1. With runs of 4+ DSSP H residues as the only contributors, calculate the mean residue ellipticity of the chain at 222 nm using -39,500 (n - 2.57) per run, divided by the residue total and rounded to the nearest 500.
2. With P(r) over Cα pairs in 10 Å bins from 0, in percent in mind, check (i) 9, 29, 22, 12, 9, 7, 5, 4, 2, 0; (ii) 10, 37, 33, 11, 6, 3, 1; (iii) 9, 32, 29, 16, 7, 5, 2, 0 and report the label derived from this structure.
3. Please give me the summed charge of the neighbours of residue 29: other residues whose Cβ is under 14 Å from its Cβ, Lys and Arg +1, Asp and Glu -1.
4. Given Cβ point charges of +1 (Lys, Arg) and -1 (Asp, Glu) and nothing else, what value in debye, to the nearest 20, does the dipole of the chain about its Cα centre take?
5. Quick one: how many lysine pairs in the stretch 19-159 have C-alpha atoms under 17 angstrom apart, if they're 8 or more apart or on different chains?
6. Quick one: dipole size for the stretch 29-120, taken about the Cα centre, charges +1 on Lys/Arg Cβ and -1 on Asp/Glu Cβ, in debye to the nearest 20.
7. Sorting 128, 90, 134 on the 10 Å Cβ count, fewest up front, what's the list?
8. Using only Cα atoms and rounding to the nearest 10 degrees, what angle (0 to 90) does helix 2-14 make with the longest principal axis of the chain?
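None of the figures in this text is laboratory data; all of them are computed from the coordinates on show. Nothing here was measured: the structure is a model prediction, and the numbers come from that model. Glycine also receives a Cβ, built like all others from the backbone with ideal geometry; neighbour counts cover every protein chain displayed.
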Amino acid sequence: MFRLFLVLVLTLSTNPIFACSIPYPETALGKSELIAHAGSIALVKPIHAERMGRYTNWSFKIVERLKGDLEEGTVVTVNLLAAGEAIREMDFERHEMPGFWDVFLGRLPWLPGECTPRYEFESGGTYMLFLDAMANSASAERINDKSDKWYRFVVDEVSKSNAQ
């Protein structure tokens with residue numbers, strides 16, 4: 001019994017343990033709440049990535065401003081938790097699949113104990129980023145064209161809030 005205890009202690013003490021003790025405010029928001037919460041939403045294209053340990057500094061060119069004080073053509077840099085491996089690119093069939101509309105579903109993997117998803121972006125792809133609310137499963141979705149349901153939903157929700 002003592003040997004088993006010793007093996008468990010040694011195993012746990014030599015492996016790093018990462019846990020999210022205080023989740024970000026946007027983590028558990030649904031789709032509409034995420035849009036209302038975010039101050040800056042934009043369609044972007046990744047132009048540069050620099051890996052730094054567990055994180056990657058991503059530079060994105062703003063293609064279209066959807067919400068906030070962003071200018072098209074400018075470059076923003078965001079430091080995000082790295083995926084560590086290639087992520088299968090998907091857009092949930094232009095976000096028409098019912099599963100995407102579940103609260104915690106997005107294209108990025110989110111491992112237990114982590115405060116944010118693990119991010120990866122494909123060169124040449126277009127993504128909708130919630131730049132000040134990245135700790136949500138839907139905050140970095142691939143947008144292949146403007147008929148995409150998630151893109152249209154965000155544009156409609158932002159238009160409604162601007163009209164009020």
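1. Here the helix-only value at 222 nm equals -7000 deg cm²/dmol.
2. From the options (i) 9, 29, 22, 12, 9, 7, 5, 4, 2, 0; (ii) 10, 37, 33, 11, 6, 3, 1; (iii) 9, 32, 29, 16, 7, 5, 2, 0, the structure gives (ii).
3. Spelling it out: positives minus negatives among the neighbours equals -4.
4. Magnitude of the dipole: close to 380 debye.
5. Step by step, the pairs that qualify in the stretch 19-159 add up to 6.
6. Details: 11 positive and 14 negative charges, 36 e Å.
Charge dipole of the stretch 29-120: 180 debye, to the nearest 20.
7. In increasing order of surrounding Cβ atoms, one gets 90, 134, 128.
8. Taking Cα atoms only, the helix is inclined about 40 degrees.
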